[in-house]
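Let me begin by presenting the structure, written as structure tokens, before commenting on it.
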Amino acid sequence: MGVAARREWRHRDRHALTARHSPFVTALPNLISLARLLAVPLAIWLILQDRYGTAFWVFAAAGASDALDGFIAKQFGLRTVLGGFLDPLADKALLMSVYVTLGYRGQVDTWLVILVVSRDVLIIGGAILYQTVTQSLTMQPLLISKINTAAQITLAVLLLAKLGLGMAHDYGIIDAMVAIVAATTVLSGGAYVAIWGWRIFRTQDTR
């Protein structure tokens, strides 16, 4: 059996499996994203109560669920339009809330909190504007945006581990991650503005 034939067989097999799934299994990736969204108030409360150790495990589980729901949706053909919006919404809500709360507690520099929040507000506002003008918004995260999300999650995990698990020395890793988060935040925000702006310009230019 050739490579192309094997790929086609796996593709058909996954769709056959999907067709036999129960409604619960079909909705599983979206339910995982929803659970991550519902973890936001818990994470905020734990940080405000200085329960950083528990907050670490909640956030680590939420970060793992981000990879899990994407894997399930991709492997078993369970991607949906709702999931395309719900997954990044849950990511942004969790990350923004954790960074703002850590900033409020004095554990993250104010300038970094402002940068992270401003980037997400910019993307949300840009998405609304793009949909209003073009009526063709599709949620397809850029590679630099995925890198930024991974960097933000890593930094938050390291900070919560240091605060809640007694990690005495980070050997400069946290400072390095701060720089990476700042750089990728600026680059990803700029990339979205450039791409969506160009598409809106082309849309208006062809009318």
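Quick notes on this one:
- Where a residue in the range 167-189 is closer than 17 Å to VAL121 by Cβ and its partner, wherever it lies, is modelled with pLDDT of 95 or more and surrounded by fewer than 14 Cβ atoms within 10 Å (Cβ to Cβ), with Cβ under 9 Å and at least six apart: ALA182/TRP111
- When we screen VAL117, VAL121 for residues that are out of contact with any Leu (no Cβ under 9 Å at 6 or more places or on another chain), surrounded by fewer than 16 Cβ atoms within 10 Å (Cβ to Cβ), β-branched (Val, Ile, Thr) and part of a helix (DSSP H, G or I), the only hit is VAL121.
- Answer residue from the range 55-64, given it is crowded, with 18+ Cβ neighbours inside 10 Å and not aliphatic (A, V, I, L, M) and is farthest from the chain's Cα centre (by Cα) among those: PHE56
- Considering only residues in the range 134-162 that are surrounded by 14 or more Cβ atoms within 10 Å (Cβ to Cβ) and either polar (S, T, N, Q) or in contact with a Lys or Arg (Cβ under 9 Å, 6 or more places away or on another chain) (or both), the one that is farthest from GLY70 (Cα to Cα) turns out to be THR134.
- Residue match in the range 63-70 (condition: touching a residue at least 40 places away in the same chain (Cβ under 8 Å) and hydrophobic (A, V, I, L, M, F, W, C)): no
- Inter-residue pairs, beta-carbon under 8 Å, first within 24 Å of ILE47 (Cβ to Cβ) and in the range 71-97, second of a type outside the set (A, V, I, L, M, F, W, C) and not in a helix (DSSP H, G or I), 6+ apart: PRO88/PRO141
- Those helices (runs of 4 or more DSSP H) lying entirely in the range 1-54 with at least 2 residues modelled with pLDDT under 80 and loosely packed, with under 14 Cβ neighbours inside 10 Å: 3-19, 23-26
- Within the range 70-114, tally of residues that are under 16 Å from VAL178 (Cβ atoms) and not in a helix (DSSP H, G or I): 4
- Residue check, ASP109 modelled with pLDDT of 90 or more and under 20 Å from ILE44 (Cβ atoms): yes
- Of everything listed in (1) in contact with a Lys or Arg (Cβ under 8 Å, 6 or more places away or on another chain); (2) buried (at least 16 other Cβ atoms within 10 Å of the Cβ), the single unmet condition for GLN75 is (2).
- Number of the condition not met by ALA179 [criteria: (1) of a type outside the set (D, E, K, R); (2) surrounded by fewer than 14 Cβ atoms within 10 Å (Cβ to Cβ); (3) assigned to a helix (DSSP H, G or I); (4) modelled with pLDDT under 90]: (4)
The values are calculated or read from the model by the stated rules, or taken from the named source; none is laboratory data. Given the structure is predicted, the values throughout are model-derived calculations rather than measurements. Positions of Cβ are backbone-derived with ideal geometry, glycine not excepted, and every protein chain shown enters the neighbour counts.
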